[in-house]
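The values are calculated or read from the model by the stated rules, or taken from the named source; none is laboratory data. Everything numeric in this text was worked out from a predicted model, so none of it was measured. Cβ sites come from the backbone with ideal geometry, for glycine too, and all protein chains shown count toward neighbours.
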Amino acid sequence: MVIEQIERRERSFDEHYRRLRGEQIAIIYSLAKMGYGLHFVRTLDDRTPYAVLRSSNGLVGVDCEGELSFDPKITLRS
């Protein structure tokens, strides 16, 4: 189980990117122009991807419908 968690955390950008939906991709491109970078994609309880981007301003969450949260309620793993 621990080995699986480590492997999941070592996904490449392309592996994270392939998990995104069209609405998320469009928003992420826009945010990238403002200095945000894709940090990771987490699968939520309802099996939908939730993208988390990071910049010097903090984190931004993007749900599967492309809705933004500039204060995502997400616990970062250590």
Practice task
Please work out which residue is nearest to Ile28 (Cα to Cα), limiting yourself to the range 47-65 and to residues that are assigned to a strand (DSSP E or B) and in contact with a Lys or Arg (Cβ under 7 Å, 6 or more places away or on another chain).
Solution key: Val52
Fill in the blank from the handout: Those residues of the range 49-78 that are among the polar types (S, T, N, Q) and surrounded by fewer than 14 Cβ atoms within 10 Å (Cβ to Cβ) come to a total of 4
Exercise for the section: Go through the range 25-50 and give me each residue that's of a type in the set (S, T, N, Q) and at pLDDT 90 or above. Expected result: Ser30, Thr48
